[in-house]
Amino acid sequence: MLQNRNGGKIILKGRTAFLSLLSSIFLLIFISSSLSNTTEWFGRIQGDEPLVTVDIPIHNENTIKLAFRINGTLLKYIPSMNGYEVAIPGEGNIDIEGKPSLPVVSRLVAVPAQAKVSFRYEYDDVLIKEDIDILPSMQVPLSDIDPNIELTYDNETYNTDRFFPENAAEAGRPVVLRDLRIVRVSVNPARYNPVERILTLYRSIEVTLNFETGGVENILASEPVTISRSFAPIYESLIANYSLLDLEEDEVLGSLLIIAPDNPTVLNIIQPLVEWKKRKGFPTIVADLSQTGSTASQITTYIQDVYDTSEPQLAYLILIGDCAGSVAVPASNPFGDHDYSRLEGDDFLADIAVGRFSCANTTQLMTEVSKVIGYESNPYMGQTEWYKKGAVVAAHQSSGISTIQTKRAIRYKALMNGYTAVDTMWFTMGGSISTFTSNAFNSGIGFYNFRGFIGMTGWNNASTNALVNSFKLPFVVTITCETGDITTSASANSEEFFRVGTPSNPTGAIGAVGTATHGTHTRHNNCLDMGIFSAFYDYGVYGMGDALNNGKYYLYINYPYNPTSVEDFCEWNNLIGDPSCQLWTDIPQTMTVIYQDTIPAGSTNLTIAVVDSASGLPLENVDVCLYGDDIHSFVLTGENGEVEFQLPQQIEGETDVTCCRHNYKPYLGRVVLQIEDIFINYLNVTIDDDNIGQSSGNDDDNINPGETIELGISLKNFGQSLTAANISTALITDDELISLSDSIQTFPDLLPQSVSPVVMPSFVFTVSTEASDDYTLDFDLNITCDQGQWVSGMPLPVAAPDVVYQSHTVIDTNNQIDPGEQVEIVITLVNGGGLSAESLFAELYCLNEYIYILQNAADYGNIGAGQTASDTFLLEASPYTIPGAIIDFEIYLNGDNGYADTTAFELQIGSKVSSDPLGPDEYGYYALDDTDTLYTGCPGYDWVEIDSNVPGYQYPGILLPLSDYGDEQDDTVPINIPFTFTYYGVEYTTIAVCSNGWLAFGEDMAYYTNFRNWNIPNTLGPYAMAAPFWDDLYLINSPPKKVYAYYDADGHRLIIEWNVMNSAPGNPPEKFQVILYDPEYHPTETGDGEILFQYEEVWNVFGIYSDNHFATVGIEDQTSQIGIQYTYWNGYPDGAAVLSDGRAIKFTTNTPVHLGSLNIDDMCISIVQDDVVLNWGEVQDASVYYIYRSDSPYFDIAGMTPYDSTSETEYTDAGVFQNGPFFYKVTWE
């Protein structure tokens, strides 16, 4: 044992040494194996690196460095044009018509709010390809262009003897994306000289952003502290350094803007909607076209102004009327309203949610207003089973079988969320789509989801008008061509669903999303469709406009290579309805709200408690709003179900009380502030901490920790007729952070409406040094006089230091600490509190046994409120730390006046390479492949043949009854697991095996047959999935290429083998297997089962145009929100080796242990008679060597008892040679 320098213990083991010769291969290729008939590889493969990686080795207030590593590009040959386009899957292109078609790799980076941003770049590792013709970019992909169309060449570029683009990297100007100031950093890894016909590839480009004071472009008033709650997951997906920012999510509702025609009748009709939205808690602004202007440009300017000035910031926009006609507000573009949502930056992502109350006349508008108010405020409870029902339709074979798979997935999501029935109608079933739709609506459903081909397959506006689904209003999503042409004169399907019915008998839908134009594509439509319903059923986003935005974000995330199509689909799909209206996803429950419904005018506080009516338990996160002439206040209930409102003392009369929570019927009540004959309350408060008299403090007139406060108050008689005589007050508290020393005070008599002078001091108290910034001291003021007695709450805030970690800088040549290194680290702290931190002392701690803190103390001195300070610590990382490991650190802080606190941060140790494990994910699964030989748990490739058609097979596998012999015949079957397999903490005895290279845990998963693969984790597919090679695969009969299963009882493992064909051009064979190990015989730290993927023959290739190219490999949990992605779209994360024949990948919850290095050149084995003799070179500081022996060359020593041990560098295994073969591994301490 070696002593950790922090006082703990650390076990150091030597690297496992195999008795074989290992060699590394450095392979340089210019044009490698053909990926398809027309696609070639241009690049260098070194150590199985991923296709593209972007690391951030430096991130502080002065500098951010991004390190781009480009493995290579694809050269796509277009035979009809006799030239190439260059692309990197998953990345963008320089989409300038006439310029060479080359890739661009871009990332968004959040930058300081007011900094001047400059950048520089360096590149290295350049490859050159000569004699190549690169075609120009066109408005559509080159592979889709009619061969007879003449290409457009930019003559200046193609006739100039220089490389295009001019620079290998660029940084865009700073822009603001709702909450954050960002810069787009783009690198151009491929540059082309069209005169010399030379293509260069830069495999390493480092871009450094430097920040100085004096920024003027798109600056923010201050660094963001909070960000919009609904945008947090989007930032996490889009912004490269978002995880390094310390931002809190805002909890308040955003503002709502309603734009209507300049028509008094229209404005009168929508007034009840305005009042309801205000009552619900939305700060609501109404503007007509006389205020906004009547053109799209003028309206956009007005919306922008509201967005920039509203508090809270604008979140929702409702447009009243059709896009043209007698009741109308113009659309933002020829297809709809999406551009009204683009308020920050120069991107096309929505910054707010937009919906339209489309109507041809005021009668329809009255119906729409009635629908929304009734749906939200008074949900129909006469029959309630419809809330938990839905209907999904895949209506036309021209859109393909994937529409059925998408509907199945959406149906399953709903059922998993408690829906009792989701009826289905497929084009394969026969029968009438119209009859099915009419019956579904009229019987009552909560949502209706349709996918078809140009329209709704026989369903028209007359069909919608004939519906009789009174008050049972579903949300309708029809992502299909020409279902949402809202800018044409005719009423689109989506418009008609929202328009029909009457105010007293609403029918149709509560809202509808439809698609404009007829140029859409199935894969984009399916992705958008799934994104909308994933918002409802996976992410808890229930606003209809928010859900539509989520679908558009899905497009952005899943199709980064085609921004034009993504932008088109964002513009083509629009919401008809209220974007803030939330979908009911369950039968509305009821709440009980407890408060005093009548209180005296002049009261300063009102406490409201909310409980579930059925259980009586407190309800957390209830939106509680007080709304009246002089008050509009919104608070969320806490864990105890309570809120306390601070009331302005001038209000009187009735104020609405509204409580809303998702899937609860809103509570609508009132509180009356009544003028009494007499009512005494405090009016003004004075804080004295000037060290005179009984006070002690810093004389800033604020309450700070450790201070003694002299508190002065004045009283007012808010009554209308009686004089208060013999007034006495008592300050009361049970707050443990307060020590009262003088709590009683008398006041002179008060006439009605009169005010006393401030009595100084009225009370004296001392505040504990443990009080934190923004802590509220909880006082009650008891007031008595001859005429009555009253108790009023008196909350008083504390201002204190609040010092937290802000950033760090590692002082090293590569700006990071690597395993085995000793480095200085500069840590910057920021004081976010309201009081200066004086004489601040910091101590750095880390509980990780691989980290040594050699200098752990620093004196930061004084840090003023809002200021920062930095100091230096000294660290060392053990050489056995797993590269890429994220290590937790804590800083203990102490300062004057009893200030003590802790703050934490994370530090990455080194960078992963392909020979390091992936993970862990949020649950604890790791992925190790056969190249991770420096770690315990590293799997060896050991193919287990169970296809009895293969000569020499090991076990006779059972042919699974899958029937997938061609396009759109995808199939899945359930099979029993012969043991209980625990996966992500859930026990399973059944799996569903799909012909398309995946299995999923649980019999219900046999409902899925998805062939189109997506990234992992992702809700666009089955839940609880293990995907060894998710792609569009199929079977053949001769020679047999099918799927088999076998239970190896002796080995306690279930083996599934795919011996199939890929649907990609050339139909390459795929042969791979999954092995599930019985956790009872193959235990792990958590009890979860281990999974092994093995690849006998693998071709990870481009698919057909309409498919997502390449395969997906990885695992995900039962929520489809946690998992490990090994590869998607031919991209590999750090730690993943490229798929190849003979690859093995193991998923385990056992923590891999990094082993020491033992020089293989010093190892030898000899046979002396019947003895096996091992020899190796001495390892410095090693005290004992452990010998492991197995009859398999691929064995895992994790959890294995050593066969023997020795302190020498030679070991004899006597008398065993004739009983072999045996295989040995050696480690040391």
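The values are calculated or read from the model by the stated rules, or taken from the named source; none is laboratory data. Nothing here was measured: the structure is a model prediction, and the numbers come from that model. Glycine also receives a Cβ, built like all others from the backbone with ideal geometry; neighbour counts cover every protein chain displayed.
Total residues in region 324-376 satisfying the condition of being of a type in the set (Phe, Trp, Tyr), more than 28 Å from the chain's Cα centre (by Cα) and either over 13 Å from ALA296 (Cα atoms) or in a helix (DSSP H, G or I) (or both): the figure is 2. In the condition set (1) outside any strand (DSSP E or B); (2) surrounded by 15 or more Cβ atoms within 10 Å (Cβ to Cβ); (3) in contact with a strand residue (DSSP E or B) (Cβ under 6 Å, 6 or more places away or on another chain); (4) in the same structural domain as CYS785 (by TED's automatic domain parsing), LEU740 is compliant with all but (1).
Would you say MET456 is buried (at least 23 other Cβ atoms within 10 Å of the Cβ), under 19 Å from ALA391 (Cα atoms), of a type outside the set (Asp, Glu) and assigned by TED's automatic domain parsing to the domain that holds VAL392? So MET456 fits the description; yes. Among the residues of region 377-422, the ones that are under 23 Å from ASP538 (Cβ atoms), assigned to a helix (DSSP H, G or I) and not aliphatic (A, V, I, L, M) come to 12 in all.
Name the residue, out of ILE783, ILE827, ILE817, ILE851, that is in contact (Cβ under 8 Å) with a residue 60 or more places away in the chain, under 30 Å from SER243 (Cβ atoms), buried (at least 17 other Cβ atoms within 10 Å of the Cβ) and over 30 Å from the mean Cα position of the chain (by Cα).
Selected residue: ILE851, the only one of ILE783, ILE827, ILE817, ILE851 that is in contact (Cβ under 8 Å) with a residue 60 or more places away in the chain, under 30 Å from SER243 (Cβ atoms), buried (at least 17 other Cβ atoms within 10 Å of the Cβ) and over 30 Å from the mean Cα position of the chain (by Cα).
Only one of the numbered conditions (1) crowded, with 21+ Cβ neighbours inside 10 Å; (2) over 21 Å from TYR537 (Cα atoms) is violated by MET1005, and that is (2).
Suppose the filter is over 30 Å from ALA67 (Cβ atoms) and crowded, with 21+ Cβ neighbours inside 10 Å; does ASP947 pass it?
Considered against the rule, which asks whether it is over 30 Å from ALA67 (Cβ atoms) and crowded, with 21+ Cβ neighbours inside 10 Å, ASP947 comes out as yes.
Annotation: LEU999 fulfils all but one of (1) in a strand (DSSP E or B); (2) farther than 19 Å from ASN1062 by Cα; the unmet one is (2).
Just to be sure I understand, how many residues within region 660-679 are part of a strand (DSSP E or B) and closer than 30 Å to GLN789 by Cβ?
6
Scanning region 520-542 for residues that are hydrophobic (A, V, I, L, M, F, W, C) and either crowded, with 23+ Cβ neighbours inside 10 Å or in a helix (DSSP H, G or I) (or both) gives CYS527, LEU528, MET530, ILE532, PHE533, ALA535, PHE536.
Go through the residues of region 101-113 one by one and say whether even a single one is part of a strand (DSSP E or B), farther than 23 Å from LEU180 by Cα and in contact (Cβ under 8 Å) with a residue 40 or more places away in the chain. Yes, region 101-113 contains a residue that is part of a strand (DSSP E or B), farther than 23 Å from LEU180 by Cα and in contact (Cβ under 8 Å) with a residue 40 or more places away in the chain. Within region 1195-1211, is there a residue that is modelled with pLDDT of 85 or more and of a type in the set (Val, Ile, Thr)? So far as region 1195-1211 goes, yes, one or more of its residues are modelled with pLDDT of 85 or more and of a type in the set (Val, Ile, Thr). Residue count for region 680-720 satisfying the condition of being part of a strand (DSSP E or B) and farther than 30 Å from GLN787 by Cα: 4.
For the residues ASP125, ASP144, the requirement of being at pLDDT below 85, assigned by TED's automatic domain parsing to the domain that holds TYR235, closer than 30 Å to ARG342 by Cβ and acidic (Asp, Glu) singles out ASP144.
Which of the residues that make up region 894-933 are part of a strand (DSSP E or B) and surrounded by fewer than 22 Cβ atoms within 10 Å (Cβ to Cβ)? Passing the criteria: ASN894, ALA900, ASP901, THR902, THR903, ALA904, PHE905, GLU906, LEU907, GLN908.
The number of residues in region 686-732 being aliphatic (A, V, I, L, M) and under 13 Å from VAL764 (Cα atoms) comes to 9.
Of the residues that make up region 1054-1069, is at least one modelled with pLDDT of 90 or more, surrounded by fewer than 21 Cβ atoms within 10 Å (Cβ to Cβ), not in a loop (DSSP other than H, G, I, E, B) and not acidic (Asp, Glu)? Scanning region 1054-1069 turns up at least one residue that is modelled with pLDDT of 90 or more, surrounded by fewer than 21 Cβ atoms within 10 Å (Cβ to Cβ), not in a loop (DSSP other than H, G, I, E, B) and not acidic (Asp, Glu). Quick check on ILE401: is it of a type in the set (A, V, I, L, M, F, W, C), in contact (Cβ under 8 Å) with a residue 12 or more places away in the chain, touching a Pro at 6+ places or on another chain (Cβ under 7 Å) and not assigned by TED's automatic domain parsing to the domain that holds VAL176? No.
Taking the listed residues VAL635, VAL657, VAL611, VAL643, the one that is among the aliphatic types (A, V, I, L, M) and in contact (Cβ under 8 Å) with a residue 40 or more places away in the chain is VAL657, with no other qualifying. Considering GLY374, GLY430, GLY446, GLY455, the condition of being closer than 30 Å to GLY336 by Cα and without any contact (Cβ under 8 Å) to a residue 40 or more places away in the chain is satisfied by GLY455 alone.
Kindly indicate the residue of region 240-264 that is over 18 Å from CYS581 (Cα atoms) and of a type in the set (S, T, N, Q) and also surrounded by the most Cβ atoms within 10 Å (Cβ to Cβ) among those meeting that condition. Within region 240-264, the match that is surrounded by the most Cβ atoms within 10 Å (Cβ to Cβ) is ASN263.
Listed here are the residues, each with its yes/no results for (1) more than 24 Å from LYS1225 (Cβ to Cβ); (2) under 27 Å from the mean Cα position of the chain (by Cα).
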{"residue": "THR903", "(1), (2)": "yes, yes"}
{"residue": "ILE909", "(1), (2)": "yes, yes"}
{"residue": "ASP916", "(1), (2)": "no, yes"}
{"residue": "GLY919", "(1), (2)": "no, yes"}
{"residue": "GLY924", "(1), (2)": "yes, yes"}
{"residue": "ASP930", "(1), (2)": "no, no"}
{"residue": "LEU934", "(1), (2)": "no, no"}
{"residue": "ASP942", "(1), (2)": "no, no"}
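Residues checked against (1) more than 27 Å from SER399 (Cα to Cα); (2) modelled with pLDDT of 95 or more; (3) out of contact with any Leu (no Cβ under 8 Å at 6 or more places or on another chain); (4) surrounded by fewer than 23 Cβ atoms within 10 Å (Cβ to Cβ):
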{"position": "GLN1094", "(1), (2), (3), (4)": "yes, yes, yes, no"}
{"position": "GLY1103", "(1), (2), (3), (4)": "no, no, yes, yes"}
{"position": "GLN1118", "(1), (2), (3), (4)": "yes, no, yes, yes"}
{"position": "GLY1123", "(1), (2), (3), (4)": "yes, no, yes, no"}
{"position": "THR1127", "(1), (2), (3), (4)": "yes, no, no, no"}
{"position": "GLY1131", "(1), (2), (3), (4)": "yes, no, no, yes"}
